[in-house]
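Engineer: Let me begin by handing over the structure; questions about it come next.
The values are calculated or read from the model by the stated rules, or taken from the named source; none is laboratory data. Keep in mind that what you see is a predicted model, and the values were worked out from it rather than measured. As a convention, Cβ positions derive from the backbone with ideal geometry for all residues, glycine included, and neighbour counts pool all protein chains shown. Side chains are part of the model used for accessible areas, which takes the heavy atoms of the whole protein and leaves out ligands, DNA and RNA. Shrake-Rupley method; radii C 1.70, N 1.55, O 1.52, S 1.80 Å.
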Amino acid sequence: MQLLPDTPFHFSEMLKRPLSRPSGVALVNAETNSYTTVLRLLGKLIPVTVWGVGSIDNTVLQAEYPDDLSEAENKQVVRQLRHIFAMDSDLAGFYSTLSHDKRWEGLLKRFRGLRPIQDSNLFESMVRIVIGQQLNVKFAATLVERLVKLNDEAVNWHDEVIPVFPGPETVASWSYDELRQQSFSQRKAEYVIDFARLVVDGKVDLDDLWSMESEQVFAKMLAIRGVGRWTVECFLLFGMGREDLIPAGDIGIQNALQKLYSLSYRPKEVEVREFAEEWSPYRSYATYYLWQSLL
């Protein structure tokens, strides 16, 4: 299967972020310029490998996955891949919006064609982000891997055994103590498992979120214990692919902005939001470029 993303599209640059924080559920190979994962779609686990071919301005993504899928399943796989790799993002509009700002010139040139790699489903996205709250990146990644290892699902694909991120039913069945034994704090264990139980019980319908405006998603998700503003902002960015938000309280964003704007101090959240007004309606892309500059 060949997929044609909007260009510019810098696949190898996109792979640097997952390479910097390895995850068992995504196998990234810089030499082959490939990304392998398992999609949970329509009640099935579907392994898929994607390769980037061509130049930044003429990119083709080659996707390989099982050939016994139905027409509906094929359509869902293609739709999901276009979402994961932000193939339809409006980078031209983003570049145009910041083209007048000389401070961004070097970053935009350096990362031209960079797009975020988004999470494959909303449940996984929220759980990952909740785990990452107030933790350093390395330890958060460790906890995610331990969560995945608790799951007994895996898929054999091209002589590789690929672990699968657990679904809500599995996580909801665990006890807090099972996560405590994996170095989760009591509260972190409660937040993750209780969220899964809300999804399983139908009290949180993740599919409904796609039809909501971002402010509606905020209102819905902030009502969940353990979910704060930063959590929802990252969820909207990495889970839902919304284009115009910034997790301004993120220390990484603050550090990157301090460096980019040659500030003598690290800007506070309110100042980051003030700076970010000039980047609207593409604050999400600016956020991602700032994060990428820290790798």
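Engineer: What nm distance separates the two modelled labels at SER280 and LYS102, each placed 7 Å from Cα along Cα→Cβ?
Structural biologist: 2.7 nm
Engineer: Then there's this: Mind listing which GluC sites (Glu not before Pro) in segment 16-114 are in a DSSP loop and have 11 or fewer other Cβ atoms within 10 Å?
Structural biologist: GLU31
Engineer: OK, next. When the Karplus curve 6.51 cos²θ - 1.76 cosθ + 1.60 is applied with θ = phi - 60°, which whole-Hz ³J(HN,Hα) does each residue of segment 168-180 get, with x for Gly and Pro?
Structural biologist: x, 4, 5, 4, 5, 7, 7, 9, 4, 5, 4, 6, 4
Engineer: Treating cross-link reach as a plain straight distance, find the aspartates and glutamates whose alpha-carbon is under 16 Å from the alpha-carbon of LYS259, omitting any fewer than eight places away in the same chain.
Structural biologist: Result set, ordered by chain and number: ASP101, GLU105, ASP250, GLU269, GLU271.
Engineer: Show LEU122, LEU150 ordered by accessible area, largest first, where the area counts protein heavy atoms only and the probe is 1.4 Å.
Structural biologist: LEU150, LEU122
Engineer: If I build a Gaussian network model for the chain, linking alpha-carbon pairs within less than 10 angstrom, which residue out of ASP101, ASP201, ASP119 has the largest mean-square fluctuation?
Structural biologist: The residue with the greatest mean-square fluctuation here is ASP101.
Engineer: Pop a pseudo-label 7 angstrom from the Cα along the beta-carbon direction at both LYS203 and ALA92 and give the gap in nm to one decimal.
Structural biologist: A separation of 4.7 nm, rounded to one decimal place.
Engineer: Could I ask something else about it? Which net charge results for the neighbourhood of GLY239, defined as the other residues with beta-carbon distances under 11 angstrom from its beta-carbon, given Lys and Arg at +1 and Asp and Glu at -1?
Structural biologist: -1
Engineer: Still on this model: Starting from the Cα of LYS203, draw a straight line to each of the lysines and keep only those under 21 Å, dropping any in the same chain fewer than 8 residues away.
Structural biologist: LYS188, LYS220
Engineer: Using a Gaussian network for the chain with springs between C-alpha atoms less than 10 Å apart, which of these wobbles most: SER55, SER183, SER211?
Structural biologist: Comparing SER55, SER183, SER211 in the GNM, the peak value goes to SER211.
Engineer: Note down the net charge around SER293, summing +1 for each Lys or Arg and -1 for each Asp or Glu among other residues with Cβ under 14 Å from its Cβ.
Structural biologist: With Lys, Arg at +1 and Asp, Glu at -1, the neighbours total +4.
Engineer: Follow-up. Considering only protein heavy atoms and a 1.4 Å probe, what is the carbon-and-sulfur percentage of the accessible area of the chain?
Structural biologist: 48 percent
Engineer: Right, next: In whole Hz, with x marking every Gly and Pro, tabulate ³J(HN,Hα) for segment 34-49 from phi via Karplus 6.51 cos²θ - 1.76 cosθ + 1.60, θ = phi - 60°.
Structural biologist: 10, 9, 10, 8, 10, 8, 9, 9, 6, x, 10, 9, 10, x, 8, 10
Engineer: Can you pull the one-decimal nm distance between simple spin-label points at ASN33 and ASN74, each 7 Å off the Cα toward Cβ?
Structural biologist: 2.6 nm
Engineer: Can you give the percent of C-alpha pairs in segment 1-95 whose distance is more than 16 Å?
Structural biologist: Tail of P(r) above 16 Å: 56 percent of Cα pairs.
Engineer: Amide H neighbours of PHE85 under 5 Å, at least 5 residues apart or on other chains, H built in the peptide plane: list them.
Structural biologist: Close amide H contacts, sequence-distant or interchain: GLN118.
Engineer: Starting from the alpha-carbon convex hull of the chain, give the projected area averaged over all orientations, in nm².
Structural biologist: 15.4 nm²
Engineer: Okay, moving on. Skip the ligands, DNA and RNA, and give the accessible area per residue of the chain with a 1.4 Å probe, whole Å².
Structural biologist: Ligands and nucleic acids excluded, the figure is 48 Å² per residue.
Engineer: For ASP208, what accessible surface area do you get with a 1.4 Å probe? Give it in Å², rounded to 10.
Structural biologist: Per-residue accessible area (ASP208): approximately 80 Å².
Engineer: Under a 1.4 angstrom probe, counting protein chains only, how are SER20, SER214 ranked by accessible area, largest first?
Structural biologist: Sorted by accessible area, descending: SER20, SER214.
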